[in-house]
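Let me begin by presenting the structure, written as structure tokens, before commenting on it.
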Amino acid sequence: MSSGAEPARGSGGGWTRRRFVGALAGAAVVTTVPAPAAPRADPAAATTTPASPTAPTAPTAGSSPSPTHRSGPRPLFLGTYTSVDGGGTGIGLATYDPATGRITTAGTITGVGDPSHLALHPDGRTLYAVNEREEGGVTAVRLPKNKVLGTRGTGGGGPCHLSVHPSGRWLLSANYGSGSVAVHPIEASGALGERSDLVTHSSPAPGPGQQGPHAHQFITSPDGGHVLAVDLGTDTVYTYRLDQSKGTLTEVSQAQTRPGAGPRHLTFHPGGRYAYLANEVDNTVVVCGYDPATGRLTPGDPQSTGTGGGTSYPAQILVTSNGSYAYLANRGHNSLTRYAIEADGARLRLLDTVPVGGDFPRQIAFSPDGRLLFAANQKSSTVSVFHVDDTSGELRLAGEPFASPVAVCALPL
């Protein structure tokens, strides 16, 4: 069955295609592209755990930060579903050893429903979570005391991704269920103001097998001049300009993948002129040219994930801070694909795939020093940790995976 099927419903009003797809899953290839032209939730419940260490500055989404070694236990936040059997009770708290990758549990931030995706403010003082429910929301949590500041509605259903604009003034979120993207102002305290804009993807028409638009990611370009929304349902990446005084969006460009590709996740190369698009439905990745002046994204030819025939539900792609390697999480294949990045970002060369050590890797993330890679395995309710070789990019599993209820997001700080 296609991943674009009607979302399944869970208990407590929780529902999404991601839960539905999670229940279903039990030689070099090179692509080059031409260089581009010059409901308000109840925040009353508070955490029952000690304060976490002060968080560092947030890294750029999708890439590993500059390699800076950190010693001593570091904070790790864990996203989950709270309205499904076996799910969590809020945002999971843990610590990890940056040298060994060993994870130790530290409790839960309660009062946050279905926090399936997490993001950190650039100043490291506020954590944000989506509330992936039929009436979607976004919640702010002040660090290090883990105080829930409140929740704002996203104006859509099933929000599955959020990110903070580099200015620290705007929160961007993607509503999968309703195919829309939302903007919220961020107050000085880190709390969220009322939504400043909401845009539904009404054109082009849904792709093959899709019932409508399904916004899956909303991020800022490396140059900061544009924000881009990846929509699995319309096979399109939308580029907007964000008015940073009003928090409103103006569409400036659309990039279409081939019909039925189902684009899910976009990650930029550190050079800022290329990006890599993971297509969930047709099991491919694509190198895209990016023009910072216009915001136009130009997809190249699709290429293999190295997982064989059929779909492996590619989930997320990451790029190292030096722009040398990329890693793709394959949920159906339960693996991570490693690519060499060549030609200053214009080319991906498939190197190998390695077992993820869990079932259905929904999300992957680097530690701040780039030496560890975390994989949240939804169906096995575990988090796998890998050592990342600085020179070869090879991955080595760091011990036994850590048990965490319906792990769908790991955010190491």
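A short reminder: the numbers here are calculations on the coordinates, not readings from a lab. Owing to the predicted nature of the structure, the values given are computational and were not obtained by experimental measurement.
Binning at 10 Å from 0, report for the range 250-363 what percent of all alpha-carbon pair distances ends up in each bin.
That works out to 15, 48, 30, 6, 0, in percent per bin.
Extension gain S202-E342, at 0.36 nm per residue separation less the Cα-Cα distance, in nm?
Details: separation 140, 0.36 × 140 = 50.40 nm, distance 3.63 nm.
Between S202 and E342, full extension yields 46.8 nm more.
For K246, which lysines qualify as cross-link partners when the Cα separation must be under 29 Å and same-chain residues fewer than eight apart are set aside?
Result set, ordered by chain and number: K147.
May I have the pair-distance distribution P(r) for the range 313-403, computed from all Cα-Cα distances with 5 Å bins from 0 and rounded to whole percent?
Going out from 0 Å in 5 Å bins, the range 313-403 shows 3, 16, 27, 26, 17, 7, 2, 1 percent.
In whole Å, how far is the Cα centre of the range 194-273 from that of the range 360-388?
25
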